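The values are calculated or read from the model by the stated rules, or taken from the named source; none is laboratory data. Computed from a predicted model, the values in this text were never measured in an experiment. Methodologically, a virtual Cβ is constructed for each residue, glycine included, from the backbone with ideal geometry; neighbour enumeration extends over all protein chains shown. The accessibility values were calculated without ligands, DNA or RNA, using every heavy atom of the protein model including side chains. Shrake-Rupley method; radii C 1.70, N 1.55, O 1.52, S 1.80 Å.
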Amino acid sequence: MSSPRFFPEFARLTAPLLAASAQAQEAYAGTALARRVALAREECPQEHEAGKPRFLRLLAEAEWLLEPFRRSKRRATITLTANPQVVMILPGFGANPVRMRYLARQLEAAGHITKRWGLGRNWGPDPDRFDQLEARLLELHARHGRAVTLVGWSLGGLYAREIAKRQPHAVAKVVTMGSPFSGSPRANNVWRAYQFITGHSVDAPPVAAELAVKPPVETVALWSANDGVIAPRCAAGRPGERDRAIPLRCTHMGFTYDPQVIETLLNELEATPT
């Protein structure tokens with residue numbers, strides 16, 4: 001059994017460690033990392049997340065891992081368009097434009113001109129990014145001498161809607177794919193990760209935006225009941241928030257490669273006024 005005379009010595013040894021720990025915790029509390037962790041752990045009333053896909057739907061998104069094998073056996077029949085369009089494709093949150101390459105190639109096979117958004121991987125909005133995107137749109141409009149169709153996946157679709165509000169004369173049509181422009185910004189399975197990575201709340205983006213307000217150009221929303229990331233009703237929107245909503249049967253990742261998505265996009269481009 002330890003002698004009591006050792007306890008004062010133990011206290012003298014541990015006091016500096018406790019003080020250092022307190023200082024470390026205080027220093028951590030003021031860091032950007034601590035703020036991001038707090039955003040990710042933010043309390044959220046259950047009704048704000050109502051309608052988000054169930055966990056099994058989210059797990060089903062892993063089927064995209066099989067896409068390379070399916071693609072090798074897929075024989076798509078693409079009809080040459082009689083109404084070629086200039087299309088700018090905007091990737092979803094965290095996605096690189098390479099993720100959209102297969103989709104772009106299918107549109108090009110039909111005779112459309114597809115362009116990247118020019119901003120690399122999509123790590124969320126900021127004023128400078130939006131200014132660059134706006135400049136990219138105007139540059140394409142001037143170069144080709146015609147309005148550009150904006151096709152945006154997920155977060156990219158929100159960008160497309162907002163850019164079309166800024167420069168409607170340069171936009172022929174907006175097509176969103178699984179983009180949560182309607183309802184609660186927390187009715188999805190990624191808002192916590194989004195807040196941690198971007199460092200801002202989904203309720204307070206660094207760019208002024210009214211997501212549910214329809215752009216002053218034709219706006220079409222593609223949505224899926226099989227979406228494992230975004231609440232289907234948030235991607236479909238309500239009357240007045242878009243011109244048309246088209247239901248599909250694909251996963252959220254599937255918006256970048258599913259044959260029914262490509263067919264729908266080709267139909268929309270064919271019907272876009274020149």
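Whole Å is fine, so just give me how far the alpha carbon centre of segment 175-237 lies from that of segment 92-169. Segment 175-237 and segment 92-169 have Cα centres spaced 16 Å from each other. Taking each DSSP H run with n ≥ 4 as -39500 (n - 2.57) and averaging over every residue of the chain yields -12000 deg cm²/dmol at 222 nm. When each of the peptides 54-63, 100-109 is scored by how many other beta carbons lie within 10 Å of its residues on average, the order from highest to lowest is 100-109, 54-63. Most simply put, the chain has about 5% antiparallel DSSP beta bridges, counting only bridges with both residues inside it.
Counting only C-alpha contacts under 8 Å and six or more residues apart, can you give the relative contact order of the chain as a whole percent?
22
Rank 72, 182, 154 by mean-square fluctuation in a GNM of the chain with C-alpha springs under 10 angstrom and give only the top-ranked residue. Evaluated over the chain, the most mobile residue of the options is 72. Stretching residue 134 away from residue 59 to a fully extended chain increases their span by 23.4 nm, per 0.36 nm per residue minus the current alpha-carbon distance. The relative contact order of segment 115-245 comes to 26 percent, based on Cα pairs under 8 Å that sit 6 or more residues apart.
With all protein chains kept in place, the per residue accessible area of the chain amounts to 52 square angstrom at a probe of 1.4 angstrom.
Helix 127-144 and the longest principal axis of the Cα set of the chain meet at an angle near 20°. In this view, the solvent-accessible surface of residue 263, computed with a 1.4 Å probe and all protein chains in place, comes to about 110 Å². Relative to the dominant Cα principal axis of the chain, helix 155-166 is inclined by about 60°. In segment 135-274, what percent of the accessible surface is made up of carbon and sulfur (1.4 Å probe, ligands and nucleic acids excluded)? With neighbouring chains kept in place, the figure for segment 135-274 is 57 percent. The apolar share of the surface of segment 32-82, taken as the fraction of accessible area on carbon and sulfur atoms (1.4 Å probe, ligands and nucleic acids excluded), comes to 58 percent. For the chain, the longest principal axis of the alpha carbon atoms and the long axis of helix 6-29 meet at an angle near 20°.
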